[in-house]
1. Name the lysines eligible as straight-distance cross-link partners of Lys111: C-alpha to C-alpha under 22 Å, and not fewer than 8 places from it in the same chain.
2. Compute the separation of the alpha-carbon centres of segment 576-635 and segment 421-470 and state it in Å as a whole number.
3. Relative contact order of segment 359-477: what whole-number percent is it, with Cα pairs under 8 angstrom and at least 6 residues apart?
4. Over segment 485-655, what relative contact order in percent results from Cα pairs under 8 Å that are six or more residues apart?
5. Sorted by average packing, counted as other Cβ atoms within 10 angstrom per residue and highest first, what order do 325-338, 286-299, 410-423, 575-588 take?
6. Could you state the number of Å between the C-alpha centres of segment 376-410 and segment 143-166?
7. Once you list every other residue whose beta carbon is under 10 Å from the beta carbon of Met368, what net charge do they have if Lys and Arg are +1 and Asp and Glu are -1?
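Read-outs: derived from the displayed coordinates by stated rules, not from any lab. As the structure is a prediction and not an experimental result, all values here were calculated from the model. Neighbour counts are summed over all protein chains in view; Cβ atoms, including those assigned to glycine, are modelled from backbone coordinates with ideal geometry.
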Amino acid sequence: MEQTYLQGLMDWISAHPHWAGLAIFLIAFVESLVMVGFLLPGIFILFGVGAMIGMGVTGWGPIWLGGSLGAFCGDLVSFAVGQHYRLQLRRMWPFSRYPAMLQRGVDFFRKHGAKSVLAGRFIGPLRPVIPTTAGMLGMPLRRFLAVCIPACVLWTPVYLVPGILFGASLDVASEYAGRLALVLALAVAIVWLSLWFIRLVYEVFVVHSARFMRHAIRWSRRHPVLGRVLGPVVDPAQPEALSVSMLGLLLVGALCGLLLLLLLAPFGAEPGRGDLAVLAWTQTLRNDMADILMVAVSQLSRWWVLLPTMMATLLWLLGADRKTAAIHWLVAMIGGFLLQSIMSWTLRSVPLMQMAAQEQTFLPSVPMTMATVVLGFFAVLVARELKRKHRKWPYLASTLLLTALLIARVYLGLDWLSGALVGFILGLAWTAIVGMAYRARALRPFSGPMASAIFFGTLTLTMLWQIDVHQADDLHAVRLAVQPVPMNEALWWQEGWSTLPRQRTRATAPDVRDFNLQLALTPQLLSDTLAAEGWESVGPAGWRWILQSLNPQADVQNLPLTGRNYLGQREALVLRQVASDEQRQRVLRIWDSGVRLNGQQPLYLGQLYDEVLVRRLRFFSAWRQAPLSPQALSEFVRGLPASESRQVGTVLLIRRPRPENGATLPAAPAASSAGP
């Protein structure tokens, strides 16, 4: 029902763009009213309208003006209601049925004062409540207006911008909408669950730590042998007794998880069904844009990221004369590497993962172990130096980075899932052991914010450096291999062409998603032949495309083409022919179909289209595919004199010419699309 209503509203605004400002005024006004604002999904409406602005359907100015005026009028009415009825509001609907709704606004207002009017405008559940609460609690009108007016002026663009960016980049977003959205949704869900679990465990332990300590002390006293070992750990006289006992629980949990994985994971000559199933599933999610993101995240596990971060932190600790912390930091790093090496030598390795471009993949994962030790022990190290209410943040930051790294390595096939989990748990166990020793001995404090700035600053800089150096090579190394399918060349030329896929994707517009070429030519031969006609090779755009697209003066020279995917594969070749005005270019993209003619010649599926430069909001630029003119295919064939062509409907077949005796020329070897 709600989806139908929203879709109808968006359709009406799209059909009547001149009335969009008035429509947004009414929507913002109603959403800000105290009694009915909870029922209107204004955020989703503003996102949809923002997407229309980004696509050029309607203008920016009337929407901003209408949204800001509507929000201000709604807040003013809500303030007047609160000022008039005062405490009687508690007996009125909906607050009589949901008293916590009003009480939440009262508590927020009493805690933050006038700032709550500004903050509440951007917090959905509080937006209709805070103005009413301000009036109910006697806030002067002049002071309310001084905060409410700038809040309403800023509110509209803040909620429009995400939709505007989405609409402006819709051509690019639609290219990867299916798989990319699924990958990002799964990654965000896993990271969110991990953060939620860590925060829950941490807060439960903090709240019930005293009771846990009492039970642990009584238990240790009943066991004289174990009590000698655990007595110092649970001694309430120790200044870090709670932290040490918490790390002890972490160690017990890590050891239990490690034992469980050692029993379930197949540390033998073949990977288990679970690992193979996860690998097959991640392969179905692979796409070019997600690969760029995951390869960037995977740089976190490189030695040239972890080692400089370790050394920078160690040198700062030594310079600050914190020798105890420096010694434990060094023990954690060296011991983690040695422990992981011993485990790797003890357990057998699983077979080569071809897609990962590695000679062997060990269980446990070396990168996951070392990244866990570095990030985990730093969290233990620096949390001690922060105020008690802020101590959870280092643990949450480490959890965020490690979860993202684990997802990236499993997604790219750099680790089996069981190996990544064992590496993570092994690093966690060693972190808990060294952390307990450090917390029991640490006496002198140091500057937690300064240590965090050095650690995360070095980590960020080295990671960006490694992304810049290795991104292109790593993307090539993790490309999925194409499975070959044999076909006779004569059969393909006559009727076999019709059995090949006709569309590259269903995400883009129907007139630009079809394959209009099938080529039995090698990419090198095609590139060399077309070079004489002014065609030039185009490399991958890379992550810098995001910054380069925010350019009001973009053209062919400074705005690269984004990649296009076919079944998770990037193009085998991208060529372009630039028009004279540099606002349009003809682009040829070919993908390996997997078909091997006569057992050796790769057959490529291709798209030949024009790419037109489009601009949105005077700062965002992108290339949009446009259909070819009817003469384009014939002009393209004339640029390939050393070839034989045959057009069937909208598909053009091209192959190398036959010798006079009728035999097919031997095919030149093609570059493999798999990693080295």
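1. Partners found: Lys387, Lys389.
2. 47 Å
3. 37 percent
4. 27 percent
5. In descending order of packing, they fall as 410-423, 286-299, 325-338, 575-588.
6. First find each Cα centre; the distance between them is then 33 Å.
7. 0
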